[in-house]
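Only one structure is covered here, and it is reproduced in the block below.
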């Protein structure tokens with residue numbers, strides 16, 4: 001069902017977003033990766049499903065000054081961890097470029113590029129963790145460093161969805177699957193052999209990090225993989241699901 005979800009606030013540059021305490025839950029570049037490119041009206045938008053509303057609604061990728069934007073947050077846990085927010089902003093542009101230009105083109109990553117992406121992905125994991133509010137600054141920093149180290153060592157499979165299929169994102173896109181999965185980041189258990197990390201990067205590309213291989217590999221996503229990754233992405237999406245179409249495949 002189509003509708004409009006015009007939302008509010010101002011489109012702030014990087015520095016003023018932090019100074020005015022207006023934060024995005026997801027990086028802007030991540031939201032922009034899921035735009036609906038079939039409308040052709042020149043105004044980029046995405047489709048957002050929120051549990052409180054129960055249907056997909058059309059929403060601009062940036063606040064437009066009418067109502068609160070779906071991706072704006074005043075979560076005190078993020079305000080508490082300013083260092084993580086500044087690091088995320090510092091890495092976002094380069095990470096988005098690598099996803100759009102190198103990963104989409106199946107180009108090999110250099111060691112420094114892999115480290116940058118591992119750090120960026122790790123930031124998404126720690127700052128969107130349900131435990132973030134309970135962590136002090138040193139604990140959050142250690143959590144990010146641990147995720148960075150784990151992601152750097154794991155093998156990366158990039159699943160590619162072919163039209164008409166697509167991956168969706170959500171307010172909780174970073175998913176850690178444990179043996180006997182509880183979906184939470186829990187210390188050194190990240191090194192257990194069966195641990196997997198999944199993260200949608202765009203409608204066409206999703207990261208699947210695993211201990212079962214090394215390096216990077218690109219594969220076409222069969223239906224079972226597509227449905228499993230989308231299910232993980234929406235499993236803990238308390239605030240919203242994000243998609244380029246007003247539906248979730250499967």
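The values are calculated or read from the model by the stated rules, or taken from the named source; none is laboratory data. Quantities reported herein were computed from a predicted structural model and do not represent experimental measurements. Every residue, glycine among them, receives a Cβ derived from its backbone with ideal geometry; neighbour counts consider all protein chains shown.
Please find, among 108, 140, the residue that is farther than 19 Å from residue 196 by Cα and not in a loop (DSSP other than H, G, I, E, B). Give the steps one after another, and end with the answer.
Working: 108 fails: not in a loop (DSSP other than H, G, I, E, B).
Going through 108, 140 in turn, just one is farther than 19 Å from residue 196 by Cα and not in a loop (DSSP other than H, G, I, E, B): 140.
Within segment 165-172, is even one residue over 23 Å from residue 210 (Cα atoms) and either in contact (Cβ under 8 Å) with a residue 40 or more places away in the chain or assigned to a helix (DSSP H, G or I) (or both)?
yes
State whether the residues of segment 156-163 include one that is in a helix (DSSP H, G or I), crowded, with 18+ Cβ neighbours inside 10 Å and either in contact (Cβ under 8 Å) with a residue 12 or more places away in the chain or under 15 Å from the mean Cα position of the chain (by Cα) (or both).
no
Among the candidates 217, 242, single out the residue that is in a strand (DSSP E or B), in contact (Cβ under 8 Å) with a residue 24 or more places away in the chain, under 22 Å from residue 97 (Cα atoms) and out of contact with any helix residue (DSSP H, G or I) (no Cβ under 9 Å at 6 or more places or on another chain).
Working: 242 fails: out of contact with any helix residue (DSSP H, G or I) (no Cβ under 9 Å at 6 or more places or on another chain).
From the options 217, 242, the qualifying one is 217.
Let me spell it out: the conditions are (1) part of a helix (DSSP H, G or I); (2) out of contact with any strand residue (DSSP E or B) (no Cβ under 9 Å at 6 or more places or on another chain); (3) at pLDDT below 90, and residue 38 meets all of them except one. Which number is the exception?
Every listed condition holds for residue 38 apart from (1).
Would you pick out the residues in segment 86-136 that are without any contact (Cβ under 8 Å) to a residue 24 or more places away in the chain and farther than 18 Å from residue 148 by Cβ?
97, 101, 102, 105, 107, 134, 136 - these are the residues of segment 86-136 that are without any contact (Cβ under 8 Å) to a residue 24 or more places away in the chain and farther than 18 Å from residue 148 by Cβ.
Which of (1) touching a strand residue (DSSP E or B) at 6+ places or on another chain (Cβ under 8 Å); (2) at pLDDT 95 or above; (3) assigned to a loop (DSSP other than H, G, I, E, B) is the odd one out, the single condition residue 30 does not satisfy?
If we test residue 30 against (1) touching a strand residue (DSSP E or B) at 6+ places or on another chain (Cβ under 8 Å); (2) at pLDDT 95 or above; (3) assigned to a loop (DSSP other than H, G, I, E, B), just (3) comes out false.
Return the residue satisfying two criteria in turn: it lies in segment 194-209 and is in a loop (DSSP other than H, G, I, E, B) and under 15 Å from residue 242 (Cβ atoms), and of such residues it is nearest to the chain's Cα centre (by Cα). Please lay out each step first, then the result.
Within segment 194-209, the subset in a loop (DSSP other than H, G, I, E, B) is 194-195, 203-204.
Of the ones still in play, those that are also under 15 Å from residue 242 (Cβ atoms) are 203-204.
Working: 203: 12, 204: 14 Å.
The extreme case among them is 203.
Please enumerate the residues belonging to segment 63-94 that are more than 23 Å from residue 130 (Cβ to Cβ) and either assigned to a helix (DSSP H, G or I) or modelled with pLDDT of 90 or more (or both).
So the first thing to find is which residues in segment 63-94 are more than 23 Å from residue 130 (Cβ to Cβ), and the list is 63-67, 90, 93-94.
Answer for segment 63-94, where residues must be more than 23 Å from residue 130 (Cβ to Cβ) and either assigned to a helix (DSSP H, G or I) or modelled with pLDDT of 90 or more (or both): 90, 93, 94.
Looking at segment 54-71 only, could you name the residues that are in contact (Cβ under 8 Å) with a residue 40 or more places away in the chain and surrounded by fewer than 18 Cβ atoms within 10 Å (Cβ to Cβ)?
Selection gives 55, 58, 64, 65, 66, 67, 68.
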